[in-house]
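Below is one structure, written out as structure tokens; the observations come after it.
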Amino acid sequence: MASEVPGGNLQIDPARLWDSIMEMHRIDATEKGGNRRLTLTDGDREARELFRRWCEEAGMTVAVDSMGNMFARRKGRNDGLAPVAAGSHLDTQPTGGKFDGVLGVLSALELVRTLNDLGYETERPIEIVNWTNEEGSRFAPAMVSSGVFAGAFTQDFAYAREDVDGKSLGTELERIGFKGEEPVGERRFHAFFEYHIEQGPILEDEGLTIGVVTDGQGQRWYEVELTGFESHAGPTPMPVRRDAMLGAARIVELVNRIALERAPLAVGTVGMVQVHPNSRNVIPGRVFLTVDFRHPDDGVLKGMGEALREGIEGICAKIGLEHEIEEIFYYAPTHFDEACVGLVRRAAEELGYPHRDIVSGAGHDACYVARVAPTAMVFCPCKDGISHNEVEDITREWATAGANVLLRAVVAKAGEAG
Ligand code: HGY
Ligand code: MN
Ligand code: MN
């Protein structure tokens, strides 16, 4: 897709992109070089304000919807047409990296800055999106705001989600001043593109620069509450104990086994455990834990959930525990729009970047947006495949390559007449 811009060379400014990422990183940076910028905290507000200021400096208007999703708009020649959107998220994990999400938002901004430098006008408007609470760490589930936008959750469900301190998403959104007037989900896109680090080892291991993301694997998240009986760690004989922590330990083993029995594509994680009363000489009476299952095949993913329920029944019966298990999050494997995926693939080819088709192991807002607009993703490698870890790292070359592919795919789509 030849670009019609002067000099015919549609490429971003690598230094400006990298500098913007490093400036954003400084908000709630951690000592190990990552970020702890949880959604709807003061740090998230600061990041949002910085993003808003940069977008306005680039001549864009910024709107916020009732889930706090931010939409920065660059006018198109035919401004009445539905925009082409690109974006990701600015919130991070508690021990997150500086590129997860941020790379996609700021590469979309760099795309606009580049078009401004070239005086390049697109037929359609372009919008940059910052989705609220992609990570699902402070408020579960993940991608909840793009999920509400796409009709997967009600806004009331999302507003009521609470963090470990009992604060609700709705009140925190109001507190930081990002509960917008625009009703979530009214906005329409001609297409949506999300650029993201792979968060796995495949691209780097194969010496590739771009991942052409054809699909996103499905996810199921569970919350499990185990109830035994608190008693003294000293005089209580082992056979009479109803130890909720023993149940939790066996469930961790069960989750691991369920995934390994469906190798190599299944993954299972117990990421959160809360013990009550969490005192070293009291047999735990209650344990809360979370389970995260993923697989690219919907049927296998369903079977993993069934095996979990069955396994927990047996473990609790043996120890004498009561239990509750709730599935709080499910989305089926996502197949992205073939025409948009084709634009990503052609951009990588035109730019001469070694690339391959790939399935996303991580969840992304694009997985929900794909329900309401033609959607595709671009991946770049990350060092040793590490992410959701403060040492997450990428090279400037990788960052630049993906942003150039994003630029070309978005411009091609934004050139489509009504
Ligand atoms: O969980 C995920 O895959 C994403 O990082 N929220
Ligand atoms: Mn992410
Ligand atoms: Mn993440």
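The values are calculated or read from the model by the stated rules, or taken from the named source; none is laboratory data. Computed from a predicted structure; not experimentally measured. Methodologically, a virtual Cβ is constructed for each residue, glycine included, from the backbone with ideal geometry; neighbour enumeration extends over all protein chains shown.
Any residue at all in the stretch 102-118 that is modelled with pLDDT under 95 and over 21 Å from C367 (Cα atoms)?
yes
Condition check: crowded, with 19+ Cβ neighbours inside 10 Å, in contact with a Pro (Cβ under 9 Å, 6 or more places away or on another chain) and more than 13 Å from G200 (Cβ to Cβ). Does A376 satisfy that?
No: the conditions fail for A376.
Sort through E397, E392, E350 and tell me the only one that's in contact (Cβ under 8 Å) with a residue 60 or more places away in the chain, within 15 Å of ligand 1 (Cβ to nearest atom) and closer than 24 Å to R16 by Cα.
Answer to the selection: E392.
Which of the numbered conditions does L103 fail, given that it passes all the others? Conditions: (1) assigned to a loop (DSSP other than H, G, I, E, B); (2) of a type outside the set (G, A, S); (3) within 28 Å of R396 (Cα to Cα); (4) within 15 Å of ligand 3 (Cβ to nearest atom).
Going through the list (1) assigned to a loop (DSSP other than H, G, I, E, B); (2) of a type outside the set (G, A, S); (3) within 28 Å of R396 (Cα to Cα); (4) within 15 Å of ligand 3 (Cβ to nearest atom), L103 breaks only (1).
Just give me the residues in the stretch 71-90 being among the aliphatic types (A, V, I, L, M) and buried (at least 24 other Cβ atoms within 10 Å of the Cβ), in sequence order.
Across the stretch 71-90, the qualifying residues are A72, V84, A85, A86, L90.
In the stretch 341-362, is there at least one residue being within 16 Å of ligand 3 (Cβ to nearest atom) and in a helix (DSSP H, G or I)?
No, the stretch 341-362 contains no residue that is within 16 Å of ligand 3 (Cβ to nearest atom) and in a helix (DSSP H, G or I).
Are any residues in the stretch 129-157 assigned to a loop (DSSP other than H, G, I, E, B) and hydrophobic (A, V, I, L, M, F, W, C), and if so, which ones?
W131, F139, A140, A142, M143, A150, A152, F153
Among the strands (runs of 3 or more DSSP E) lying completely within the stretch 218-311, list those that include at least 2 residues that are within 16 Å of ligand 1 (Cβ to nearest atom), modelled with pLDDT of 95 or more and buried (at least 17 other Cβ atoms within 10 Å of the Cβ).
Because the criterion is at least 2 residues that are within 16 Å of ligand 1 (Cβ to nearest atom), modelled with pLDDT of 95 or more and buried (at least 17 other Cβ atoms within 10 Å of the Cβ), the strands (runs of 3 or more DSSP E) in the stretch 218-311 that meet it are 218-227, 267-269, 286-295.
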